[in-house]
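Accompanying notes for the structure given below.
The values are calculated or read from the model by the stated rules, or taken from the named source; none is laboratory data. The structure displayed is predicted, hence computed values, not measured ones. All Cβ positions, glycine included, derive from the backbone under ideal geometry; neighbour counts span all protein chains shown. In case anyone asks, the SASA skips ligands and DNA or RNA and just uses the protein heavy atoms, side chains included. Shrake-Rupley method; radii C 1.70, N 1.55, O 1.52, S 1.80 Å.
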Amino acid sequence: MSRRLKDKVAVITGASSGIGEATAQIFIDEGAYVVLGDIQRDLGNEVAARLGDRAKFLFCDVTREEQVEELISEATSVTGTLDVMMNNAGIVGARAPIDQILLDEFQKTLEILVTGSFLGIKHAAAKMKEQESGSIINMASTAGLSGGFGPHAYATAKHAIVGLTRNAAAELCRYGVRVNCIAPSGVATPLAAQAHLGDFTAMDKLRETLAGNSPLKGRAGTAEDVANAALFLASDESGYTNGHCLTVDAGFTSGSKATDPQHMASVPFMREAGKEGLED
Ligand code: NAP
C-alpha cells in the first residue's frame, strides 16, 4: 500500500461525519496521524475508535478560538509538527429568499463557515510559519464560485473562503506554507441530504437525486471523491500548488451540463439561490 502521508500530522475539523470522516480514513490509510475535531462528540469518538491508534478525537467548536488552539496544540504534541490543517466543519445555515433571511441566522452561518475557517488558518499558520512547511486545506463549494449553487448566506461564506484561501496563500508562500481549497458540488453526506431533501438520513434518495443530475451520467459525487482531492493537496505531490481552488464537481462550474436539468430544478435548495426563480 502507498504511504502518501507517511507520518504526517493532520488536523481535520468537522471530522465526525461526511467529507471530514472520509478524509480522516484516507489520511490514516496513507500513513498520517489525524486529530479529529467536531461538535458531534459521541460520533467523533466512535469514528476515532474505528480509525485506530493514529486517530484522536477532541470536541472542538470552530467558532471558539481557544478550542481551535487546543486542537492544534494536541496535534503538534504528536511529533512536534503540524503538516496538514483541513478546515472542513460546516453547516448549510440560513435558507430563505434574500428579503426574508433573519440577521442572526445569516451571521451565525458566516460565523461557522468563515470565522471557523479563519481561526483554523490563523492558528495553523502560526505553527507552520515557524516550521517553514505545511498544507492548509479549506472547504469551499461550487456555491463559492458561481451564483445559483446554494442559499445566500452559504454562498457568501463559501466565496469568502475562496478569497481568504487566496490571500493567505499569497502571504504564507514565503514561509513554504501552501493554502488551497476544494469546491465540491453536491456529494452524498448527511449535510447534503438535509439540504436537498430535508432529512439528513435520506442517503439513498440523495444518491439517486445527485446521480440523476450529474453531468457524469449516473455518477453521484461521494465524500471519498472529495477526500481524494484533499489527499492530493495534503501530500507532497501538490508541492507546487498554492492558492488554488480545486473543483470536485463533475464539471458543473466549467460548463458541463446536468444529465437531466429538470431534476435539480425541482429541488428547493437550488431555487432559493435564484437559479430557477422562487416560484413554486
Ligand atoms: P456533514 O456530514 O454534516 O459534516 C460536517 C460536520 O461539521 C458535522 O459533524 C457537523 O456537526 C460539524 N460542525 C458543524 N458546526 C460545527 C462547528 N461549529 N464546529 C465544529 N464542527 C461543526 O457535512 P459534509 O457534507 O461532510 O460537509 C463538510 C464540508 O464540506 C462543509 O464545509 C460543507 O459546506 C462542505 N461541502 C459539502 C458539500 C456536500 O454536498 N456535502 C458540497 C460542498 C461543500 P452537526 O451535524 O452537528 O452540524
### Message
Here is a list: Ala96, Ala10, Ala49. Which entry is farther than 25 Å from Gln194 by Cβ and over 20 Å from the mean Cα position of the chain (by Cα)?
### Response
Ala49
### Message
Out of Lys122, Lys127, I need the residue that is open to solvent by 70 Å² or more (accessible area, probe 1.4 Å) and in contact with a helix residue (DSSP H, G or I) (Cβ under 9 Å, 6 or more places away or on another chain). Which one?
### Response
Lys122
### Task
Could you tell me whether Gly90 is open to solvent by 30 Å² or more (accessible area, probe 1.4 Å) and near the ligand (Cβ under 9 Å from one of its atoms)?
yes
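Among the residues of segment 144-159, are any of a type outside the set (S, T, N, Q) and free of Cβ contacts under 8 Å to residues at least 24 places away in the same chain?
Initial filter on segment 144-159 (of a type outside the set (S, T, N, Q)): 144-145, 147-155, 157-159.
Remaining after also requiring free of Cβ contacts under 8 Å to residues at least 24 places away in the same chain: 159.
Yes, segment 144-159 contains a residue that is of a type outside the set (S, T, N, Q) and free of Cβ contacts under 8 Å to residues at least 24 places away in the same chain.
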### Task
Restrict the check to segment 120-132 and report whether at least one residue is assigned to a loop (DSSP other than H, G, I, E, B) and either free of Cβ contacts under 8 Å to residues at least 12 places away in the same chain or under 30 Å from His196 (Cβ atoms) (or both).
no
### Query
Residues in segment 175-187: is at least one more than 21 Å from Asn228 (Cα to Cα) and either at pLDDT 95 or above or assigned to a helix (DSSP H, G or I) (or both)?
yes
### Message
Condition first: touching a residue at least 60 places away in the same chain (Cβ under 8 Å) and under 15 Å from the mean Cα position of the chain (by Cα). Now tell me which residues in segment 27-38 satisfy that.
### Response
Phe27
### Message
Being out of contact with any Asp or Glu (no Cβ under 6 Å at 6 or more places or on another chain), more than 14 Å from the ligand (Cβ to nearest atom), of a type outside the set (Lys, Arg) and farther than 26 Å from Lys8 by Cα is the filter here; which residues of segment 199-242 pass it?
### Response
Asp204, Glu208, Pro215, Leu216, Gly218
### Summary
Note on segment 137-195: residues under 20 Å from His244 (Cα atoms) and touching a Lys or Arg at 6+ places or on another chain (Cβ under 6 Å) are Ala140, Ser141, Ala143, Gly144, Tyr175
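Please tell me if Arg4 is at pLDDT 95 or above, in a loop (DSSP other than H, G, I, E, B) and more than 10 Å from the ligand (Cβ to nearest atom). Let's see the steps before the verdict.
On the way: at pLDDT 95 or above: yes; in a loop (DSSP other than H, G, I, E, B): yes; more than 10 Å from the ligand (Cβ to nearest atom): yes.
Judged against the criteria, Arg4 is a match.
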### Task
Please give the helices (runs of 4 or more DSSP H) falling wholly within segment 38-118 in which 2 or more residues are closer than 16 Å to Ile12 by Cβ and among the polar types (S, T, N, Q).
65-79
### Query
Exactly one of (1) under 21 Å from Thr189 (Cβ atoms); (2) among the hydroxyl-bearing types (Ser, Thr, Tyr); (3) open to solvent by 30 Å² or more (accessible area, probe 1.4 Å) is unmet by Thr63. Its number?
(3)
#### Entry: Members of segment 67-83 found to be more than 21 Å from Asn138 (Cβ to Cβ) and either within 19 Å of the chain's Cα centre (by Cα) or without any contact (Cβ under 8 Å) to a residue 60 or more places away in the chain (or both), listed by number
Ser77, Gly80
